[in-house]
Amino acid sequence: MNKSIYIILSLSFVTSCTMKTGNEKIKIIEGKNIITDSGMVVSAHPQSSRIGALILQKGGNAVDAAVATGFALAVCYPEAGNIGGGGFMLIRTNDGKSVVIDYREKAPGNASRDMYLDKSGNVSDGMSTDTYLASGVPGSVAGMITAHSKYGKLPFKEVIQPAIDLAEKGFAVTKKQADDLNVNKLSFIERNTFRPAFVKDSLWKDGDTLVQNDLAETLKRIRDYGREGFYSGRTAGLLIGAMKKGNGIVSEQDLKEYKAVLRLPLTADYKGYHIITVPPPSSGGVTLIQLLKMTEPYPLSHWGFLSVQAIHLITEAERRAFADRSQYLGDPDFIKIPVDQLLSTNYLSERMRTFDEKKASSSQEIRPGFPEGYTSEQTTHYSVVDAQGNAVSTTTTLNNTFGNSIVVDSAGFLLNNEMDDFSVKPGVPNMYGLVGGEANSVKPGKRMLSSMTPAILEKDGKLLLVLGTPGGSTIPTTVFQVIINVLDYNMNIEQAVDAGRFHHQWLPDWISYEKNAIDSLTLSELEDMGHILKERASIGSINAILILPGGKKAGGADKRGNNSSCGY
Ligand code: GLY
């Protein structure tokens, strides 16, 4: 590939680049909210969006671009992009077929139910988040290779090479990234016996170059040997060596046995639109569909955006959905999950029978329901649509920002701390305040319950919207709010993505809301109804693509991050 990419126009957040390929000159544009004719990638960093868009321009399809973007994010967005974590990729091909690639991490074979409890049976502080024991068996490399080998078009080497170049040559960190790296400096120093690339003597500044040579070498082994370049050979040796030194339990056997799984998506209809999303072991799809179905009978658009009635209704639906999550959801390979019952119209209208339009209910009273027949917050999302209308919606994570902050010595990648997504002790909240029970207890080889909610919407059988977000427990409620912003409140994609948000998750029993999202009169009316309200930092960071009438693509890169849309 000719690397002479140069900026030729910069106009209020919209930039145009030209890449020369042989004799032709092709142009891509990038910015927060752009409109393109052909393909588009929206991700958490301008570098990864650009790499994905250039792969589309080279003739790659949406899956090629998604895989290129995923590997690039592991380099330029180490906060959550990864090869040491896991995720879910939802693919919808232009013939209307869809599939989910589940590459969620798994508990190591030597994991056990009470591994995070001390002798008195209490949860050991930080063990499931800050140590080698916090890491599940990574799934990202298996997931991306599976996606590419089944659905990609370009040679794998071409798709992964831009990430290798980016790691070797380095990239300019953004102001926000410099802050993230500086805040995490002590954890990087304390939890590693060597100095990872993320630490330097002085503080990071906007525009400083981050070079990752060890990571580049690991990516080259993946380029040259495919899954063997990660799950066996030198990379596996380095990972297992680090585990042994750090008292972790991920074994050679765990790496060898890890497989990504193809699953059928969950689907539902909402007000004439068709929703496609992910099944367990993510809770996100079940929660999203429950929220849509529980709120569907009510006149949201008539009540108005962030009106007292709308916030109250959505909160009460969220309270019920998250109570169900705590009881029923986990890894479907280990437990029986009554998904059809949980999503049935009868069950959900029964769940809302106790909804009082005038008064908040209490989470003490709202217990998980009884479906018939049933005896970090850092994550990142990217959306891709190619010129042919194939779409990919991927959410991936290390769990916390920078995972457990432990870098595999000489391999340059960060480890996840996903084990904290298990219910390490029934009733004890995890880092997102989520409580769970037996359905999500730790078991060897089990996948921990996720909230990731990559989603795709169709109207009349045609692709309409591709979206997803990071945000831990707030993921499904954020995706839900952006969907209703588009469908019920008729917002354009920029308005829908940037609009203020709120969240309720059953326990703790309060509505958290973004600063200035809800006006003071609405807040006091909600308090009068019995709701507890707490202001919090921003919620989620959506990356979405809306297909406009006529087929153009509109990028919705959330104002809340360095998110960027790029396409042509
Ligand atoms: N680690 C966040 C999630 O999977 O929900």
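The values are calculated or read from the model by the stated rules, or taken from the named source; none is laboratory data. The structure displayed is predicted, hence computed values, not measured ones. Here Cβ is always computed from backbone atoms with ideal geometry, including for glycine, and neighbour counts include all displayed protein chains.
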Has the stretch 420-430 got at least one residue that is within 12 Å of the ligand (Cβ to nearest atom), touching a helix residue (DSSP H, G or I) at 6+ places or on another chain (Cβ under 9 Å) and modelled with pLDDT under 95? yes
Does at least one position in the stretch 530-538 carry a residue that is assigned to a helix (DSSP H, G or I), among the hydrophobic types (A, V, I, L, M, F, W, C) and in contact with a helix residue (DSSP H, G or I) (Cβ under 9 Å, 6 or more places away or on another chain)? no
Being within 16 Å of the ligand (Cβ to nearest atom), in a loop (DSSP other than H, G, I, E, B), hydroxyl-bearing (Ser, Thr, Tyr) and touching a Leu at 6+ places or on another chain (Cβ under 9 Å) is true for just one of Thr453, Thr477. Which residue is that? Thr453
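Yes or no, residue by residue, for (1) surrounded by fewer than 21 Cβ atoms within 10 Å (Cβ to Cβ); (2) within 30 Å of Arg50 (Cα to Cα):
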{"site": "Glu105", "(1), (2)": "no, yes"}
{"site": "Asp118", "(1), (2)": "yes, no"}
{"site": "Gly121", "(1), (2)": "yes, no"}
{"site": "Asp130", "(1), (2)": "yes, no"}
{"site": "Val159", "(1), (2)": "no, yes"}
{"site": "Lys169", "(1), (2)": "yes, yes"}
Give the number of residues within the stretch 341-397 that are outside any helix (DSSP H, G or I) and either away from the ligand (no atom under 16 Å from the Cβ) or not β-branched (Val, Ile, Thr) (or both). 39
Based on this model, can you work out whether Ile55 counts as assigned to a strand (DSSP E or B) and among the aliphatic types (A, V, I, L, M)? no
Screening Gly412, Gly427, Gly436, Gly445 for residues that are buried (at least 23 other Cβ atoms within 10 Å of the Cβ) and within 26 Å of Asp333 (Cβ to Cβ) leaves only Gly436
When the stretch 456-474 is examined, which residues are found to be within 10 Å of the ligand (Cβ to nearest atom) and among the polar types (S, T, N, Q)? Ser473, Thr474
Across the stretch 212-252, the tally of residues that are assigned to a loop (DSSP other than H, G, I, E, B) and either more than 25 Å from the chain's Cα centre (by Cα) or at pLDDT below 95 (or both) stands at 6
Within the set of pairs 6 or more residues apart or between chains, which connect a residue that is assigned to a loop (DSSP other than H, G, I, E, B) and at pLDDT 95 or above inside the stretch 189-211 to a residue that is surrounded by fewer than 17 Cβ atoms within 10 Å (Cβ to Cβ) and of a type in the set (Val, Ile, Thr) with Cβ atoms less than 7 Å apart? Ala197/Val211; Val199/Ile189
Would you mind stating whether Gly241 is surrounded by fewer than 17 Cβ atoms within 10 Å (Cβ to Cβ) and at positive phi? no
Matching residues, the stretch 438-450, being among the small types (Gly, Ala, Ser) and within 11 Å of the ligand (Cβ to nearest atom): Ser450
Of (1) of a type in the set (Gly, Ala, Ser); (2) more than 16 Å from the ligand (Cβ to nearest atom); (3) within 30 Å of Lys220 (Cα to Cα), Gly403 satisfies all except one. Which? (2)
